[in-house]
Amino acid sequence: MTRRSGDEDVTTSQDVTPPQHLMDPREVTDWWSTGVSRIRPGEILLRGYPVEQLIGRLSFAETIWLMLRGELPTRTQGRLLEAALVAAVDHGPQAPSIAAARMAATCGLGLNNAVATGVNLLGDVHGGAGQQCMRVLTELERAVAEGADVDDAAKDLVAEYRATGSHVPGFGHRFHPYDPRRSPLLDLVGAAVADGEAPGWALRAGTALERALAEGRSRPVPMNIDGATAIVYSELGFPPELGRGLFVLSRSVGILSHAWEEKSGGARIKGPIPRRLLPSYEGPAPRDLIRPEGGEGEKSEKSGESEKGEESTNSPDGAEGA
């Protein structure tokens with residue numbers, strides 16, 4: 001309905017046509033439906049537990065377990081998870097992720113950017129071996145379930161990797177002849193297996209791989225942090241992809257610590273090596289630029305010179321000077 005008011009037409013609310021199809025409110029609220037948390041005014045539930053009941057009573061590692069798995073861990077499970085997280089927290093500036101974070105901090109970036117720079121370097125080559133090792137352990141366990149002896153299956157797997165010139169993920173270290181993080185973690189897993197609180201299959205598979213890699217060598221190939229944490233996370237029932245996620249979570253603490261230290265030092269724009277050391281150069285020796293003869297540019301320049309005559313040849317602003 002339209003009524004006239006002065007020179008204007010005014011449309012009343014009676015003329016507004018309601019939408020033909022209204023969206024069900026549940027379609028909106030279910031868009032980001034989640035079983036992880038419920039947040040309402042004055043209420044924070046984490047997997048159903050009021051956060052005020054968790055604060056001061058649950059460790060950070062136990063909270064990580066709760067958030068990822070949905071239920072509280074046993075004390076042994078929480079202790080194993082915490083041990084693995086502590087073991088992988090840092091490996092110094094020689095680790096690319098930490099070096100990159102420190103360089104980012106010297107470029108004036110905020111801590112969030114510096115940490116993100118370091119974390120983004122954790123991929124398949126640097127940071128992904130734990131996830132890859134968890135898959136290898138699962139492969140060995142599958143072979144054992146089909147009737148193979150674990151040591152024979154480990155030898156076959158090592159032979160396959162050697163035939164392709166590949167490294168078995170989780171073993172060998174470019175820095176440590178023996179990784180000091182290996183034995184404490186495996187001892188904790190062994191104790192949990194003995195107490196019936198861990199199945200033991202990943203520990204058997206991992207140590208069988210270690211024996212197979214050492215066979216026929218004067219120096220054994222050490223299990224590294226990726227192999228040790230792969231055993232822990234596999235025994236705890238985490239899928240391989242979460243194994244990598246947990247490593248990233250752990251190493252983020254070291255990355256943050258190094259970024260903060262570098263930022264607090266006040267140095268600016270530190271490169272990968274000290275300023276007075278220059279990277280080796282393997283390119284051509286220094287050479288003068290000599291333009292090829294006969295190009296289109298040469299033809300046009302010569303044409304212009306012939307039109308200007310001798311005067312242009314003596315001009316300081318001629319083509320040669322330009």
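Loop only by DSSP, 10 or fewer other Cβ within 10 Å of the Cβ. Give me the trypsin sites (Lys or Arg not before Pro) in the range 194-239 that pass, ordered by residue number.
On the way: sites: 204, 211, 217; in loops: 217.
Counting only loop positions with at most 10 other Cβ atoms within 10 Å, the trypsin sites (Lys or Arg not before Pro) in the range 194-239 are 217.
How high is the FRET efficiency between residue 260 and residue 67 when r is their beta carbon distance and R₀ equals 22 Å, given to the nearest 0.05? Intermediate values should be presented prior to the final figure.
Working: r = 25 Å, r/R0 = 1.14.
The computed FRET efficiency comes out at 0.30.
Mind listing the long-range amide H neighbours of residue 47? Cut-off is under 5 Å, sequence gap 5 or more, other chains count too, H placed in the peptide plane at 1.01 Å from N.
Excluding prolines and chain starts, which carry no amide H, the hits are 37, 38.
Taking the Cβ of residue 223 as the center, what net charge do the other residues with Cβ under 9 Å away carry, scoring Lys and Arg +1 and Asp and Glu -1? Working shown, then result.
On the way: positive: 182; negative: 179, 210, 226.
Local charge sum for residue 223: -2.
Order these peptides, 227-237, 91-101, 24-34, by their mean beta-carbon neighbour count within 10 angstrom, highest first. Walk me through the intermediate numbers first.
On the way: 227-237: 26.6, 91-101: 18.8, 24-34: 8.0.
Averaged packing, sorted descending, gives the order 227-237, 91-101, 24-34.
Please give the contour-minus-distance gain from residue 120 to residue 32: 0.36 nm per residue of separation, less the Cα-Cα distance, rounded to one decimal in nm. Display every interim value, and only then the final one.
On the way: separation 88, 0.36 × 88 = 31.68 nm, distance 2.60 nm.
Between residue 120 and residue 32, full extension yields 29.1 nm more.
Normalising by the residue count of the range 34-117, find the relative contact order in percent from Cα pairs under 8 Å and 6+ residues apart.
15
In the range 169-204, whose amide N lies under 18 Å from the spot 7 Å out along Cα-to-Cβ of residue 217? List them in ranges.
From the range 169-204, the list is 169-183.
7 Å from Cα along Cα→Cβ at both residue 57 and residue 178: what's the point-to-point distance in nm?
Using points 7 Å along Cα→Cβ, the separation is 4.4 nm.
Apply the Karplus parameterisation 6.51 cos²θ - 1.76 cosθ + 1.60, with θ equal to phi minus 60°, to every residue of the range 46-59 and state each ³J(HN,Hα) to the nearest whole Hz, in sequence, with x for glycine and proline.
These are the phi-based 3J(HN,Hα) values: 10, 6, x, 8, x, 4, 5, 7, 8, 4, x, 10, 10, 6 Hz.
Name the residues whose placed amide hydrogens come within less than 5 Å of the amide hydrogen of residue 198, ignoring near sequence neighbours (fewer than 5 apart) on the same chain.
HN-HN under 5 Å from residue 198: 193.
So what is the relative contact order of the range 96-265, in percent, for Cα pairs below 8 Å that sit 6 or more residues apart?
On the way: 222 pairs, mean separation 63.3, N = 170.
In percent, rounded to a whole number, it is 37.
How would you order 161-174, 42-55 from highest to lowest mean count of nearby Cβ atoms within 10 Å?
Values: 161-174: 14.9, 42-55: 12.5.
Ranked from most to least packed, the peptides come out as 161-174, 42-55.
For the range 146-217, what's the relative contact order in percent, using C-alpha pairs closer than 8 Å and at least 6 residues apart?
On the way: 31 pairs, mean separation 35.8, N = 72.
Reported relative contact order: 50 percent.
Pick out, from 264, 225, 167, the residue whose Cα sits farthest towards the positive end of the charge dipole of the range 96-265, with +1 on the Cβ of Lys and Arg and -1 on the Cβ of Asp and Glu.
Farthest towards the positive end: 264.
All of the numbers you see were taken from the coordinates with simple rules; none came from a lab. Since the model is a prediction, treat every value here as computed from it, not as a measurement. Cβ coordinates were reconstructed from backbone atoms using ideal geometry, including for glycine residues, and neighbour counts include every protein chain displayed.
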